[in-house]
1. In Å and whole numbers, how far do the C-alpha atoms of segment 21-195 stretch along each principal axis, longest first?
2. If you rank Val44, Val169 by fewest surrounding Cβ atoms within 10 Å, what's the result?
3. Can you give the FRET efficiency to the nearest 0.05 for Arg31 and Phe105, using r as the Cβ-Cβ distance and R₀ = 22 Å?
4. Do any chymotrypsin sites (Phe, Trp or Tyr not before Pro) in segment 126-196 lie in a loop, going by DSSP, with at most 14 other beta-carbon atoms within 10 Å of their beta carbon, and if so which?
5. Could you put Met195, Met121, Met41 in order, starting from the residue whose Cβ has the fewest other Cβ atoms within 10 Å?
6. With +1 on each Lys and Arg Cβ and -1 on each Asp and Glu Cβ, and nothing else charged, work out how big the dipole of the chain is about its Cα centre, in Debye to the nearest 20.
7. Kirkwood Rh over alpha-carbon pairs of segment 60-159, then Stokes-Einstein at 4 °C and 1.567 mPa s: what D in µm² s⁻¹, rounded to an integer?
Amino acid sequence: MANGHSTADRAAGYPGLQGAVPALRYVASARWLHWITAALMAIVIVVGIWIKYFEPADEPFKMRLYNLHESFGVLVFALALVRLVNRWRHPPPPLPPGTPGLIHFAASATHIALYALLLLMPVIGFLATNAWGFPLTVFGVLPMPVPVGKNEELAKLLSLLHLSGAIAVVMLIGGHLIGVVYHTFVRRDGLLRRML
């Protein structure tokens with residue numbers, strides 16, 4: 001096994017490229033962490049949109065939604081740290097042969113920006129919650145420390161940063177998905193198989 005990739009992982013070639021080197025997959029731990037993060041982010045985004053644009057009139061229910069959004073954000077933060085360690089221990093496989101340099105750059109920039117936001121967004125959201133005067137108890141069970149006291153001006157600033165970051169995350173995920181579609185249906189180079 002080289003770089004954490006098994007012989008079985010090399011079995012599927014790039015169907016769009018004749019005589020190409022067999023495709024390497026991400027290690028199993030990276031694949032699992034990726035899809036768990038994707039599922040958690042789907043929950044965080046849906047609940048965030050619900051709170052922001054379809055705010056429930058029922059105050060206790062609204063507070064439960066906030067708690068879910070923030071608690072899943074804490075999980076995303078922890079998972080992002082685990083993913084970074086895992087990525088360091090098991091570097092990702094190379095992009096398919098013949099991938100243009102611009103695509104290499106775009107893929108690297110998107111991944112770096114996504115990892116940065118997966119770490120920053122939960123922290124900013126957590127601090128904003130504190131600044132609004134609502135200490136976080138993860139899933140109503142685990143109380144978190146309160147590093148920031150109630151401060152409405154700071155809360156507004158942090159909330160604006162959190163919203164801006166949320167828009168950036170959605171755009172980056174959209175770009176990531178466009179890249180998958182491009183590799184799957186235009187280049188047909190088997191890129192998606194690396195994460196399946």
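Please treat every number below as a calculation from the coordinates, not as lab data. Given the structure is predicted, the values throughout are model-derived calculations rather than measurements. Reconstructed Cβ throughout: ideal geometry from the backbone, glycine too, with neighbour counts over all protein chains shown.
1. Each principal axis gives a Cα extent; for segment 21-195 these are 57, 31, 26 Å.
2. Val169, Val44
3. E between Arg31 and Phe105, to the nearest 0.05, is 0.35.
4. Those that pass, being in a loop and sparsely packed, are Phe139.
5. Listed from fewest to most nearby Cβ atoms, that is Met195, Met41, Met121.
6. The calculated dipole for the chain is roughly 740 debye.
7. Here the translational diffusion coefficient equals 83 µm²/s.
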